[in-house]
Amino acid sequence: MNEDIKSKIRTIPNWPKKGVMFRDITTLLKDEKGFRDTCQRLYEHYKDRQIDIVAGIESRGFIFGTALAMLLKKGFVPIRKKGKLPAETVSQEYELEYGIDRIEIHKDAIKQGDRVLLVDDLLATGGTMKAACQLIEKCGGKVVGCAFVVELPDLHGREKLKGYDVFNLVEFEGD
């Protein structure tokens with residue numbers, strides 16, 4: 001059913017480095033029907049869930065997260081890289097292949113008990129989404145779902161998110 005969405009995602013071999021098959025969603029975004037269908041399918045999956053707010057991870061999570069928030073008639077909260085938000089923030093560190101990075105959210109973005117749907121475009125190793133889940137919980141929210149357009153199952157990101165409700169529309173295995 002989601003093969004039409006998958007077919008609109010371009011694969012770029014050896015980018016950003018040799019051996020990586022980069023899944024480029026810009027071709028999906030520029031396709032009006034593909035983009036609309038992607039957002040609609042995410043909406044159909046979450047429309048009957050109790051969600052108070054949608055949060056998206058910088059930067060492509062903003063694209064799908066804001067569209068989904070509008071369809072769900074909910075507000076949207078951006079989760080940004082360190083130093084990008086102007087008001088008081090709460091932050092969470094996570095490990096990269098070579099080092100540590102940090103994501104942040106405004107301190108007043110999530111209220112105690114808020115049921116939060118997290119959105120990003122792609123699940124690879126799961127490090128960023130795991131940090132986002134921890135950040136929401138640090139703010140007193142409850143993560144009700146982790147939504148992705150694409151999952152790369154060979155990178156085992158879903159294992160890092162064990163205990164969370166993880167949903168994706170398409171998968172790219174191997175190569």
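Side notes on the structure shown:
- Packing here is the average count of other Cβ atoms within 10 Å per residue, and on that basis the peptides 68-78, 143-153, highest first, run 143-153, 68-78.
- The slack between residue 49 and residue 11, meaning 0.36 nm per residue of separation minus the straight C-alpha distance, is 10.4 nm.
- Convex hull volume per residue for the range 49-171, taking Cα atoms only, in Å³: 96 Å³
- The HN-Hα couplings worked out from phi for the range 10-19 by the Karplus form 6.51 cos²θ - 1.76 cosθ + 1.60 (θ = phi - 60°) are 7, 9, 10, x, 6, 9, x, 8, 4, x Hz, whole numbers, x standing for Gly and Pro.
- Modelled spin-label separation between residue 155 and residue 22, with each label point placed 7 Å from Cα along the Cα-to-Cβ direction: 1.3 nm.
- Counting only aspartates and glutamates at least 8 places from residue 81 when in the same chain, those with an alpha carbon closer than 19 Å to its own are 58, 93, 95, 97, 101, 104, 108, 120, 121, 137.
- For the range 4-90, Kirkwood radius (reciprocal of mean inverse C-alpha pair distance, Å): 14.7 Å
- Under Karplus coefficients 6.51, -1.76 and 1.60, residue-wise ³J(HN,Hα) of the range 148-153 in Hz, glycine/proline x: 9, 7, 10, 10, 10, x
- Measuring between alpha carbons in the structure, the pairs from 18/84; 33/107; 74/130; 33/142 lying more than 26 angstrom apart are 18/84; 33/107; 33/142.
- As a proxy for reagent exposure, ranking 125, 26, 38 by other Cβ atoms within 10 Å from fewest up yields 26, 125, 38.
- The range 50-76 versus the range 27-47: alpha-carbon centroid distance in Å: 13 Å
Coordinate-derived values only; no laboratory data. In this text, all values refer to a predicted model and were calculated from it rather than measured experimentally. Positions of Cβ are backbone-derived with ideal geometry, glycine not excepted, and every protein chain shown enters the neighbour counts.
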